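Heads up, the thing below is written out as structure tokens.
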Amino acid sequence: MAVNGIHSQPDTAALACGQDAATVWDRAATGRLGTHDRDCPHCRAVADDQRVLAMAIDALNDQAMEPPPSLVDHVMGAVLTELRPADYLPLPTRHGRARIDRIAAAVVLRHAVDQMTALRVRSCRLHLIEPLASPDTHTPTAVWVHISVTARFGTDLFSATARVRQMILTAAEDLLGLPITAVDVDVVDLFADPARGTH
Amino acid sequence: MIGAADLDDLTLVVRAQEGDTRAFEALVRRHQRRLYRLAVRLLGNTSDAEESVQEAFVAAWRQLNGFRGEAAFSSWMYRIVTNRCLTLVRARRPVLALDELGEQADPEGASPEQAAEAHDRATALDRALQQLSAEQRACWILRELHGLSYDDIAAIVGASVDAVRGRLYRARCTLAEVMAPWR
């Protein structure tokens with residue numbers, strides 16, 4: 001740094017005028033130079049250095065530098081080879097065995113609730129609360145769903161959570177053929193709607 | 001209908017932790033650009049940068065259940081990528097391949113002379129960056145090119161805020177000296 005009369009220390013530097021060079025630099029970078037900074041030759045030198053580097057930084061940032069399109073494919077290819085072992089829920093059936101992957105079932109239920117613009121599903125877990133049915137019996141399953149959502153600020157939470165519960169029960173029955181015993185709904189956070197200017 | 005692009009990082013992380021690979025893919029798409037730019041500046045070439053960012057995302061997938069959300073997902077990824085790049089840099093001398101880096105976008109309304117000068121200025125700064133120690137370079141890039149706070153940088157590089165301020169100060173001294181002819 002072209003700072004005259006600097007008293008160098010390992011991590012910082014006091015200018016000859018007593019100001020801390022790093023602090024003056026930060027003030028210059030944020031356009032908050034004071035009267036002293038502008039009048040003092042030592043502080044002005046720091047501000048000049050900051051200005052020159054800022055111009056070079058702008059030029060550097062203007063360089064188009066995009067990741068190759070294959071990056072996402074390569075990452076997801078590796079991810080898909082490392083999926084955890086499938087974990088199935090039994091589906092009630094009179095004709096042989098039917099099962100559904102627990103993660104796939106959760107995706108279906110999340111998708112159903114995602115139709116509601118006032119809510120966003122964060123977590124959706126399905127728990128089997130009765131012993132696994134043997135493949136050759138018709139033992140009914142009992143599945144408990146625990147779902148956590150974030151809600152748009154100002155949403156009627158009582159009505160919204162009731163609707164979530166109903167959508168889960170309907171989607172599980174209609175799309176999965178999976179009877180649900182209970183649905184627990186947690187509202188874990190609120191989010192702002194930029195269009196409405198809520199925070 | 002809400003798409004993955006409408007969801008915040010924490011929601012996508014929780015979904016990915018529960019096995020939803022599409023949620024993780026949305027995180028990769030959202031963060032790949034800034035992490036790639038970080039890696040290119042730290043490593044000085046695009047092929048190592050691409051590999052490092054890929055490996056960092058795969059490592060993140062493996063460690064995702066350990067992510068508790070105390071820090072932002074972006075900070076967590078910055079830390080993984082920075083550490084990988086610093087390990088690579090320490091293991092070998094950086095290879096400068098400036099021509100591989102992106103074309104300079106002509107600033108709107110800039111004359112050919114101004115565009116050429118901006119290109120030269122950027123090239124000079126990029127070369128100067130390679131003169132810094134890996135630790136100084138990481139702090140400088142995270143601060144000046146990614147706009148992170150001292151606290152965030154300290155958490156990412158695993159150093160105190162005072163140490164970050166010191167590295168930044170020394171980096172600025174070196175860069176200002178190299179860039180003095182551009183005054």
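Rounded to whole Å and sorted largest first, what semi-axes of the equivalent ellipsoid does the C-alpha gyration tensor of the stretch B:31-70 yield via the square root of 5 times each eigenvalue? Please report the intermediate quantities before stating the final value.
On the way: eigenvalues 99, 22, 9 Å².
Its equivalent ellipsoid spans semi-axes of 22, 11, 7 Å.
Between B:Arg90 and A:Arg97, the modelled label-to-label distance comes to 5.1 nm, taking each label 7 Å out from Cα in the direction of the beta carbon. The ellipsoid that matches the Cα gyration tensor of the protein assembly as shown has semi-axes, each √(5λ) in whole angstrom, of 52, 23, 18, with the longest given first.
Going by C-beta contacts inside 10 Å, put B:Met77, B:Met179 in order with the fewest on the left. Could the numbers behind the result be given before it?
Working: B:Met77 26, B:Met179 19.
With the fewest neighbours first, B:Met77, B:Met179 line up as B:Met179, B:Met77.
Each residue of the stretch A:74-89 was assigned a 3J(HN,Hα) from its phi angle through the Karplus expression (A = 6.51, B = -1.76, C = 1.60, θ = phi - 60°), giving 5, 4, 5, x, 5, 4, 5, 7, 10, 5, 5, x, 4, 10, 9, 10 Hz with x at Gly and Pro. The tail of the calculated P(r) for chain B beyond 31 Å holds 24 percent of all Cα-Cα pairs. Each label point was placed 7 Å from the Cα along the Cα-to-Cβ direction; for B:Ser75 and A:Thr181 their separation is 4.1 nm. Sorting B:Tyr150, B:Tyr78, A:Tyr88, B:Tyr169 by the number of Cβ atoms found within 10 Å of their own Cβ, with the fewest placed first, yields A:Tyr88, B:Tyr150, B:Tyr169, B:Tyr78. For the stretch A:82-134, the alpha carbon convex hull comes to 120 Å³ per residue, rounded to a whole number.
Summarising the amide proton neighbourhood of A:Ala142: residues at separation of 5 or more, or on other chains, whose placed amide H is nearer than 5 Å comprise A:Ile129, A:Glu130. With point charges of +1 on the Cβ of Lys and Arg and -1 on the Cβ of Asp and Glu, referenced to the Cα centre of the protein assembly as shown, which listed residue (B:Ala23, B:Gln114, A:Leu83) lies farthest in the positive direction of the dipole? After comparing all options, I get A:Leu83.
Multiplying the residue separation of B:Ala59 and B:Asn45 by 0.36 nm and subtracting their alpha-carbon distance yields 2.9 nm.
Taken about its Cα centre, the protein assembly as shown carries a charge dipole of about 740 debye when Lys and Arg each add +1 at the Cβ and Asp and Glu each add -1 at the Cβ. Bridges between two residues of the protein assembly as shown, per DSSP, are antiparallel at a rate of about 60%. Subtracting the Cα-Cα distance of A:His36 and A:Val72 from 0.36 nm times their residue separation leaves 7.8 nm of extension gain.
With each run of n ≥ 4 DSSP H residues scored as -39500 (n - 2.57), what mean residue ellipticity at 222 nm is computed for chain B after dividing by its residue count and rounding to the nearest 500 deg cm²/dmol?
That calculation yields -21500 deg cm²/dmol at 222 nm.
Fewest neighbouring Cβ atoms within 10 Å first, the residues A:Val24, B:Val13, B:Val157 line up as B:Val157, B:Val13, A:Val24.
With the cut-off at under 18 Å, measuring from each backbone N in the stretch B:120-140 to a point 7 Å along the Cα-to-Cβ line of A:Asn61 picks out B:120-126, B:129, B:138-140.
Computed from the coordinates by the stated procedures, all read-outs in this text should not be read as laboratory data. Just so it is clear, the model here is predicted, and its values are computed rather than measured. Quick reminder, even Gly has a Cβ in these numbers, built from the backbone with ideal geometry, and neighbours come from all protein chains shown.
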